[in-house]
Amino acid sequence: MNKSVLVFLFLVLLCNPALLMAQTEPEQIKLDTDKFQDYFYESLLQKGIQNYDKAIKALEQCLKIKPDDATTYFELGKNQLALKDYNNAYASFEKATQIDPKNKWFWLGMYDVSYQTKDYNQAIITVLKVIEFDRAFKEDLTSLYMNTQQFDKALDLINELNEKVGKTERRESYKMQILSQGKYQNAEIENLIVQINKNPKEESNYIALIQLYSEQNDAQKALEITQKLDAEIPTSEWAQVGLFKYYLDKNDAQKAINSMNVVLASTKIDAKIRHRILNEFLVFVNTNPQHAPDLERAIAYFDNDPDVNVAKEIGKYYHTKKQWDKAIYFYEKALKNNSEEDIETNLLLLQGYVETKQFELVSKKATDMAETYPTQPQFYYFSGLANNQLLQFKKAKEMLEMGLDYLVNDVVLEINFNIQLGEAYNGLGDFKKKEQYFSKANQLLKDKK
């Protein structure tokens, strides 16, 4: 720089003393920076030991030095939020975003306040801004739409995320909640049709659409989608669920049986659905007994079912229809399959033996069960009844009198006990006691009415 220019600059500054006074000395800048750092680090230290009030005071000193420092406002907001000072926390985070609107974390501070105060509508406004920086927060937006009952927006977003990033358990749960309200089902049907056309090999879309049509009692459309699923994915086990019912209604037994066997062997299909299909086939076999062997094979799929003894339930079905031979067969099968003794099944089996007049079997089994379960009066009753029929009156009397000791609050069984004791004493020739027990049975009957 030449000498004339230097002289000119000097004269300008000399003529502007205010400008000279406004310039900060380098030493002052360094001093303020050191103080700012000291206060800021002090705030971090105090926050770390949960002295939020002291942290806030240190940050307020920082703002006196740097009044437009976004990070200081952000830290201030975090400490205020920790103290549940929600209004001031929100204001601090908002000030940080005004200074630096491109920092995701400042917006997240506002979001945290809105969420903790359950101001979900405000949280939606904020999280929409956050999504500009991080699309992962669309998951949060889904929950916020659910919390504010904006189900149409939630459903659209769920479908968008399902398509782009795959399904999640939470979103599927939300979707079930939404679709339980019928007014949203048509929109979902349209979405699923679009998805099937775009991804014809995606089985879950067919299943969901079939379920929706079924809930709307539109059997024809449910069948059409089932057939389309079978054509696109011939190995689909879910297709056979719908086809089973279709073939059964057409009385195409063999195809129905083939579909049933696929479903019953499946590990994908819910146990409730498999039980329902077996029950439908049971009703079919009741009027088409030639397919009883297929029912036998179907039951075998449930031999290791830990929740339901299927053979027992089929026995009870025949029991209600008084088809005693079939009921007995399945009760015996149920007991054979079950490693543990089942009192109810044994009692039902004994009733079946009585109805078919197999009193030798009743006597033996009931006596054995009374030894195994000595406090169960029903077994003594069946033993007494059977021995009366076999003219073994003394044994009948002994078993019935033992059983009475365990009889509690069962008027019907008490009536039957007294009738059988009357029969036993009649067989033994003790007519006085016969009348005594018959009279007691009659009195119980009158009291029961």
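The values are calculated or read from the model by the stated rules, or taken from the named source; none is laboratory data. On a predicted model such as this, the values are computed, not experimentally measured, just so you know. All Cβ positions, glycine included, derive from the backbone under ideal geometry; neighbour counts span all protein chains shown.
Among the helices (runs of 4 or more DSSP H) contained in segment 110-194, which hold 3 or more residues that are outside the structural domain of Asp100 (by TED's automatic domain parsing) and among the polar types (S, T, N, Q)?
Here the list reads 138-147.
Taking segment 245-273 as the region of interest, how many residues are of a type in the set (Gly, Ala, Ser) and surrounded by fewer than 14 Cβ atoms within 10 Å (Cβ to Cβ)?
Of the residues in segment 245-273, 2 are of a type in the set (Gly, Ala, Ser) and surrounded by fewer than 14 Cβ atoms within 10 Å (Cβ to Cβ).
Give segment 367-392 a look and list any residue that's of a type outside the set (D, E, K, R) and either farther than 16 Å from Asn416 by Cα or outside the structural domain of Phe417 (by TED's automatic domain parsing) (or both), or say none.
Hits for segment 367-392 are Thr367, Met369, Ala370, Thr372, Tyr373, Pro374, Thr375, Leu390, Leu391, Gln392.
If a residue has to be within 24 Å of the chain's Cα centre (by Cα) and farther than 15 Å from Phe302 by Cβ to count, how many in segment 237-276 make the cut?
6
List the pairs whose first member sits in segment 45-72 and is hydroxyl-bearing (Ser, Thr, Tyr), whose second member is not in a helix (DSSP H, G or I), and whose Cβ atoms are under 6 Å apart, counting only residues at least 6 apart or on separate chains?
Here the result reads Tyr52/Leu83, each pair linking segment 45-72 to a residue that is not in a helix (DSSP H, G or I).
Can we say Val263 is assigned to a helix (DSSP H, G or I) and either free of Cβ contacts under 8 Å to residues at least 40 places away in the same chain or farther than 20 Å from Asn191 by Cα (or both)?
Yes; evaluated as a whole, the condition is true for this residue.
Consider Gly315 carefully, then state whether it is surrounded by 19 or more Cβ atoms within 10 Å (Cβ to Cβ), assigned to a helix (DSSP H, G or I) and outside the structural domain of Tyr437 (by TED's automatic domain parsing).
Yes: the conditions hold for Gly315.
Can you work out which of the residues in segment 189-202 that are buried (at least 19 other Cβ atoms within 10 Å of the Cβ) and either touching a Ser or Thr at 6+ places or on another chain (Cβ under 7 Å) or of a type outside the set (A, V, I, L, M) (or both) is nearest to Trp238 (Cα to Cα)?
Among residues in segment 189-202 that are buried (at least 19 other Cβ atoms within 10 Å of the Cβ) and either touching a Ser or Thr at 6+ places or on another chain (Cβ under 7 Å) or of a type outside the set (A, V, I, L, M) (or both), the one nearest to Trp238 (Cα to Cα) is Gln195.
Confirm whether Glu42 is among the charged types (D, E, K, R), under 30 Å from Ser114 (Cα atoms), assigned to a helix (DSSP H, G or I) and modelled with pLDDT under 95.
yes
State all residues of segment 231-244 that are surrounded by fewer than 19 Cβ atoms within 10 Å (Cβ to Cβ) and either among the aliphatic types (A, V, I, L, M) or within 28 Å of Ala292 (Cβ to Cβ) (or both); if no residue qualifies, say none.
Once the filter is applied, which keeps residues that are surrounded by fewer than 19 Cβ atoms within 10 Å (Cβ to Cβ) and either among the aliphatic types (A, V, I, L, M) or within 28 Å of Ala292 (Cβ to Cβ) (or both), segment 231-244 yields Ala231, Ile233, Glu237.
Listed here are the residues, each with its yes/no results for (1) modelled with pLDDT of 95 or more; (2) surrounded by fewer than 22 Cβ atoms within 10 Å (Cβ to Cβ); (3) in contact with an Asp or Glu (Cβ under 8 Å, 6 or more places away or on another chain).
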residue: Glu355; (1), (2), (3): yes, yes, no
residue: Ala366; (1), (2), (3): yes, no, no
residue: Leu390; (1), (2), (3): yes, yes, yes
residue: Leu421; (1), (2), (3): yes, no, yes
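Is it the case that Asp303 is within 27 Å of Lys255 (Cα to Cα) and modelled with pLDDT under 90? Spell out the reasoning first.
Values: within 27 Å of Lys255 (Cα to Cα): yes; modelled with pLDDT under 90: yes.
In short, yes.
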